[in-house]
Amino acid sequence: MKFNKKFKEIIKELKSLSPDNENVFDSVIAPVLFVLLSNLFDLNTAIVITGIVIFGFLVLRFLQKQNTKYVFYGALGSLIALVFAKYQGSASGFFIPGIVRDGVISIVGIFSIFLGKPFTIYSSKAFRKWPEEWYLHPQVKPAYVLVAYIWTVYLFLKAALQIYFFQNPEILVLIKLTTSNQTTLLLLVITYLI
């Protein structure tokens, strides 16, 4: 009975996140396409073609009257990643913003835990809009501390793996694929169960 109730809560939470197939596809197409193109053409050609495809997806979502907010942010992030690739001089440069993001969030996570205000409280607060006092309640806060540990370790390991394999963009794109939306949703479900 308890499992059934928890399962229904998780389904409700996942629906509220609204992960549709287009967003999942849009989040992985740029890095996969870019790495593939960088193996077939020179870096500049791969950058230009990938940029055109990213812009095309943005226009397509707009014409389909879909919510373009997340597509716009994704396109902006991908274009920034292409700029990093250009200035770094290799396809691996595309992954620098993600590596930096994951590393910074894991460092923030460590400090937030040690300061007694786990960052997961504030990310949840931004999403749920519950009063901060609720998150700091002695019966609630320990769960957010544990969740902060889980996310911090996950993001640290993800950043460390990407740094270790930085010279191999094919492995970097594989890391991106295996740690993208589906893995994040799985981690959200696990942390929700806590």
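The values are calculated or read from the model by the stated rules, or taken from the named source; none is laboratory data. This is a predicted model, so every value here is computed, not measured. All Cβ positions, even for glycine, are placed from backbone atoms using ideal geometry, and neighbour counts span all protein chains on display. These accessible areas exclude ligands, DNA and RNA; they are computed on the full protein's heavy atoms, side chains included. Shrake-Rupley method; radii C 1.70, N 1.55, O 1.52, S 1.80 Å.
Starting from the stretch 122-145, keep only residues that are under 21 Å from Phe111 (Cα atoms), then list their pairs with residues that are open to solvent by 60 Å² or more (accessible area, probe 1.4 Å) and among the hydrophobic types (A, V, I, L, M, F, W, C) whose Cβ atoms are within a distance under 7 Å, requiring at least 6 positions of separation or different chains. Between residues of the stretch 122-145 that are under 21 Å from Phe111 (Cα atoms) and residues that are open to solvent by 60 Å² or more (accessible area, probe 1.4 Å) and among the hydrophobic types (A, V, I, L, M, F, W, C), the close pairs are Val140/Trp134; Ala143/Ile194. The stretch 120-178 holds helices (runs of 4 or more DSSP H) entirely within its bounds, and those carrying 2 or more residues that are over 22 Å from Gly98 (Cα atoms) map to 132-136, 141-164. A single member of Leu82, Leu155 is buried (at least 17 other Cβ atoms within 10 Å of the Cβ) and touching a Phe, Trp or Tyr at 6+ places or on another chain (Cβ under 9 Å), and it is Leu82.
Consider the stretch 125-147 and keep the residues that are surrounded by 13 or more Cβ atoms within 10 Å (Cβ to Cβ) and out of contact with any helix residue (DSSP H, G or I) (no Cβ under 7 Å at 6 or more places or on another chain). The one that is modelled with the highest pLDDT is Leu146.
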